[in-house]
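Report on the structure given below.
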Amino acid sequence: MAPTLDFRNTNSLWCSVLVETLVRCGVRHAVCSPGSRSTALTVALAAHPSVDALPVLDERSAGFIALGLAKRTRRPVVLVCTSGSAAANYWPAVVEAQAAQLPLVVVTADRPPEMRGCTSGQTIDQLKLYGTYVQHAVELAVPEANAQQIAYLRQTVAFAALRSAEPVSGPVHLNAPFRDPLPPVLDGSTDHLRGVITEAFFAHLTGVVSTRRSSVELEFSSERGVIVAGTYAPGLGEDYEDALISAQRATGWPILADPLSPARRSALLIKGLVTTYDSILRSPAARNLLRPSEVLCLGAWPTSKVLRGWMQECGAEITVVAPEGENRDALHGRTRHILARPGHVAYRSSAAADNVFLSLWMKAEEAARAVIDGELAARDDLFEPKAIWLLSKQVAPKSQIFVANSMPIRDAEYVTASRGDGPRLFCNRGANGIDGNVSSALGLAHDGPPTFAVVGDLAFFHDSNALLSVPRFRGNLTLVVINNDGGGIFEHLPIATSDVPFRDFFLTPQSVDVGLLCQAHRVPHQAVSEWSAFERELAHPQTGVRVLELRTNGKRDAAERKALFSRAAERVTAVLEGRSQ
């Protein structure tokens, strides 16, 4: 294809070469925050026919919209802003992208060197601004209409795109200084390059090539082990699900599957899949009878505090398979790290599978699942966990579900079952923050399949500026707002019973009317008071963005969650001890 180049002036050519290079390396989406110093970058991105460039006013929201796009597409997404504090507002999204292994190419426009350190307007020190939270950082040269310098630009940008995806995905930072003129005014400064910067200049760029193809062999010797299928991250590879199946077939061990793992929606319905481990391990009998001597963890540890505590009690030998060089063992156990993608490992076992051990796990799963599904199905009141339970069971197969941090992701872990044709589940589990949940859902849904997002009232209010981008949104997104008048997760923590100003400093309820806020942004809003109405809405996704508000009682639901899981654990105990018919 012919390159899209702009020869009107030096900045225009420089930025069109930068964008063309990114396109050849696989970029298809860009999110641009308005500003003067980034003019040439924004113009080049908006002009390229292969780039979907989205203007987003609020930089913090912009960062998370880009992050949502990267989650769905698994391609590098470009994020562009002007100089000064604009770049600082990308920080939360950059932190999340690094922790969640999502490919972002952050390009921050800057003043040229002679305008720094002299109190010129809208100028801060942007060099290595994101510190250790990016995989690669470089300051580009000031644009020059020089063939050798433009070749340097092409190589530098192509390498940055590669580093955003390999050896694991993550954010990279290009700081880009510009001198005037910033607009694309015609000045003749690049005419001598028209026959030099042609298709041949870009022909060798063929996209990001994987650098991780070595094979590793792992052999296990225990009959009694478990496989922990943690949160999926792009760095684990497209063959992560196949790796889970291969490991389970080799060992015969049960798979304890995080809700963000593909295992819970495996089309192959993996044998030995356990989804109710949090409830199961609340049973003293289960904690003892189901104790493993070896654990294989593929990816990150699940959210469950109960599971993590039990793993520490077990003292089992742990093998963590993940491609990045970070310490992934938050349990500090007897752990060996295998720096490889799970799909690049050959799994072997020298021991025969213990079918009795696997059978016990599956009996426990069946018992806990029966209690959870039975009680949730029977409830008519707006009990918070039922929202994600219904979503996971009823939305169309190719749909997407985004869950916010705090209680929504925990409810997803507690109550969602396996479903072979189930929707893909997403969450910002890198840094586990409240930042940008609505924006991430918008990015995830933009030009994608029908998407449903479950967020608490505080997460919704915290990121309400995301609604400014609704007019440019393409797709359909249903935001389910669980309004329990504050941070309901704190009702589950010891601080809830302490002698402190709990309501004001921890629950932090807000006096904002969700419906009026939606009205201000011209976003359709519906207060839902019955599950039958909620199910009808789920069955009919609408074009655009809409909000379904469920008003719940956070204090009551916290107590009733604990009671539900206690009853599930009691049922597990009865089954394992042979007291149940």
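The values are calculated or read from the model by the stated rules, or taken from the named source; none is laboratory data. Quick caveat: nothing in here was measured; it's all calculated off a predicted structure. Cβ placement follows ideal geometry from the backbone for every residue including glycine, while neighbour counts extend to all protein chains displayed. These accessible areas exclude ligands, DNA and RNA; they are computed on the full protein's heavy atoms, side chains included. Shrake-Rupley method; radii C 1.70, N 1.55, O 1.52, S 1.80 Å.
Within the range 218-265, restricting attention to residues that are in a loop (DSSP other than H, G, I, E, B), out of contact with any helix residue (DSSP H, G or I) (no Cβ under 6 Å at 6 or more places or on another chain) and of a type in the set (D, E, K, R), the residue that is most open to solvent (accessible area, probe 1.4 Å) is GLU238. Of all residues in the range 264-278, exactly one satisfies the criterion of being among the hydroxyl-bearing types (Ser, Thr, Tyr) and at pLDDT below 80, namely SER266.
Can you tell me which residue among LEU289, LEU296, LEU281 is of a type in the set (A, V, I, L, M, F, W, C), within 26 Å of PRO494 (Cβ to Cβ) and either modelled with pLDDT of 90 or more or in contact with a Lys or Arg (Cβ under 7 Å, 6 or more places away or on another chain) (or both)? Every option except LEU281 fails the conditions. Just to be sure before I move on: is ALA30 surrounded by 23 or more Cβ atoms within 10 Å (Cβ to Cβ), touching a Phe, Trp or Tyr at 6+ places or on another chain (Cβ under 7 Å) and either at pLDDT 95 or above or not in a helix (DSSP H, G or I) (or both) in the structure I sent? Answer is no for this residue. Set side by side, the residues ASN432, ASN428 differ, and just one is assigned to a loop (DSSP other than H, G, I, E, B) and crowded, with 24+ Cβ neighbours inside 10 Å, which is ASN428.
When the residues of the range 541-573 are filtered to those that are among the small types (Gly, Ala, Ser) and over 24 Å from the mean Cα position of the chain (by Cα), which remaining residue is surrounded by the fewest Cβ atoms within 10 Å (Cβ to Cβ)?
At the first step, the residues of the range 541-573 found to be among the small types (Gly, Ala, Ser) are 544, 554, 558-559, 563, 566, 568-569.
Checking the rest, the ones that are also over 24 Å from the mean Cα position of the chain (by Cα) come to 554, 558-559, 563, 566, 568-569.
Numbers: GLY554: 24, ALA558: 20, ALA559: 13, ALA563: 11, SER566: 14, ALA568: 27, ALA569: 26.
Across the range 541-573, the extreme among qualifying residues is ALA563.
Could you tell me which of the residues GLY309, GLY252 is at positive phi and of a type outside the set (Phe, Trp, Tyr)?
Numbers: GLY309 fails: at positive phi.
None of the other options fit; the residue is GLY252.
Restricting ALA387, ALA453 to residues that are closer than 30 Å to ASP52 by Cβ and at pLDDT 95 or above narrows the list to ALA453.
Scanning the range 53-89 for residues that are among the hydroxyl-bearing types (Ser, Thr, Tyr) and closer than 10 Å to VAL31 by Cβ yields one hit, SER61. Only one entry of GLY230, GLY225 meets the criterion of being at pLDDT below 90 and under 17 Å from ILE318 (Cβ atoms), and that entry is GLY230. Regarding PRO49, is this residue outside any helix (DSSP H, G or I), closer than 28 Å to HIS192 by Cα and in contact with a Phe, Trp or Tyr (Cβ under 8 Å, 6 or more places away or on another chain)? No: the conditions fail for PRO49.
GLY195 meets each of the listed conditions (1) without any contact (Cβ under 8 Å) to a residue 24 or more places away in the chain; (2) part of a helix (DSSP H, G or I); (3) not acidic (Asp, Glu) apart from (2). Taking the criterion of being open to solvent by less than 10 Å² (accessible area, probe 1.4 Å) and charged (D, E, K, R), the only residue of the range 275-323 that qualifies is ASP278. Here are the criteria: (1) of a type in the set (Phe, Trp, Tyr); (2) surrounded by 24 or more Cβ atoms within 10 Å (Cβ to Cβ); (3) part of a helix (DSSP H, G or I). Tell me which single one PHE402 does not satisfy. For PHE402, the failing item is (3).
Among residues of the range 396-415 being β-branched (Val, Ile, Thr) and under 18 Å from the mean Cα position of the chain (by Cα), the one that is farthest from THR73 (Cα to Cα) is ILE409. Looking across the range 302-317, the residues that are part of a loop (DSSP other than H, G, I, E, B) and either of a type outside the set (Gly, Ala, Ser) or free of Cβ contacts under 8 Å to residues at least 60 places away in the same chain (or both) come down to PRO302, THR303, GLY315. Would you call ALA387 open to solvent by less than 30 Å² (accessible area, probe 1.4 Å) and touching a helix residue (DSSP H, G or I) at 6+ places or on another chain (Cβ under 9 Å)? Yes.
The rows are residues; the columns are (1) over 30 Å from ALA257 (Cβ atoms); (2) at pLDDT 95 or above; (3) under 19 Å from the mean Cα position of the chain (by Cα).
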residue	(1), (2), (3)
SER418	no, no, no
LEU444	no, yes, yes
ASP485	yes, no, no
PHE534	no, yes, no
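List, please: which pairs have Cβ atoms under 9 Å, are six or more places apart or on different chains, and start with a residue in the range 421-446 that is closer than 23 Å to ARG265 by Cβ and end with one that is among the acidic types (Asp, Glu) and open to solvent by 10 Å² or more (accessible area, probe 1.4 Å)? Once the first residue is closer than 23 Å to ARG265 by Cβ and sits in the range 421-446, its partners that are among the acidic types (Asp, Glu) and open to solvent by 10 Å² or more (accessible area, probe 1.4 Å) give ASN428/ASP435; HIS446/ASP52.
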